[in-house]
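Have a look at the structure below, then the notes.
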Amino acid sequence: MAMTRRCVLLMAAAAAFLPGGAAGNENGVMQAIAEFTGGATPLDGGVNLLIPEIADNGGAVPVRVEAAAARRIALFTDGNPYPGVAVFSLGRLASSAAAIRIRLAGSQTVIAVAELADGSYRQATRSIAVTVGGCA
């Protein structure tokens, strides 16, 4: 396919609106986390991220995340094309846990960041080995 002016403009526009833009780390995961936290650096601990160490199929990997007194919990991956996977908004009477099945392109790290009721941010990371990727 020949590169036309229209094709170049579309690619530039798409890069400008991708999480992390065209710059940043591999897929913009650090910028996506910074956008979720409003620039605050999350501290390690206080979040329980349950994910298998090895997934036979990256198409449906079970993830459960818990954080006491969490208002919001976000999941990010460092190996997928788009780092943001999910954001859970939790009410005062809701459980401070969430579960989901996610697609992973290959072996990578999953990061859970929780916004706690006191306004602080906590995180947990887990590496997962994927034998068959779930993304095309």
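Which ranges mark the strands (runs of 3 or more DSSP E) fully within segment 85-133 that have 2 or more residues being of a type outside the set (Lys, Arg), modelled with pLDDT of 95 or more and within 17 Å of residue 34 (Cβ to Cβ)?
Qualifying strands (runs of 3 or more DSSP E): 108-116, 121-130.
Out of the residues in segment 67-84 that are within 15 Å of the chain's Cα centre (by Cα) and assigned to a strand (DSSP E or B), state the one that is farthest from residue 44 (Cα to Cα).
It comes out as 84.
Do you know which residues across segment 26-66 are assigned to a strand (DSSP E or B) and either free of Cβ contacts under 8 Å to residues at least 60 places away in the same chain or in contact with a His (Cβ under 6 Å, 6 or more places away or on another chain) (or both)?
In the first step, residues of segment 26-66 are kept if they are assigned to a strand (DSSP E or B); the result is 43-44, 48-50, 54-55, 61-66.
Result: 50, 62, 63, 64, 65, 66.
Taking residue 108 as meeting all but one of (1) without any contact (Cβ under 8 Å) to a residue 12 or more places away in the chain; (2) open to solvent by less than 20 Å² (accessible area, probe 1.4 Å), write down the number of the exception.
Failed condition: (1).
What single numbered condition from (1) open to solvent by 20 Å² or more (accessible area, probe 1.4 Å); (2) within 21 Å of residue 31 (Cβ to Cβ) fails to hold for residue 73?
(1)
Looking at (1) open to solvent by 70 Å² or more (accessible area, probe 1.4 Å); (2) among the charged types (D, E, K, R); (3) touching a helix residue (DSSP H, G or I) at 6+ places or on another chain (Cβ under 9 Å), which is the one condition that is false for residue 115?
The failed condition is (1).
Of the conditions (1) over 14 Å from residue 29 (Cβ atoms); (2) open to solvent by less than 40 Å² (accessible area, probe 1.4 Å); (3) of a type outside the set (Val, Ile, Thr), residue 56 clears all except one; give me its number.
Residue 56 satisfies every listed condition except (2).
The values are calculated or read from the model by the stated rules, or taken from the named source; none is laboratory data. Note that the structure is predicted; figures quoted are calculated from it, not measured. Cβ: placed from backbone, ideal geometry, glycine included. Neighbour counts: every protein chain shown. Note: areas computed on protein heavy atoms with side chains; ligands, DNA, RNA excluded. Shrake-Rupley method; radii C 1.70, N 1.55, O 1.52, S 1.80 Å.
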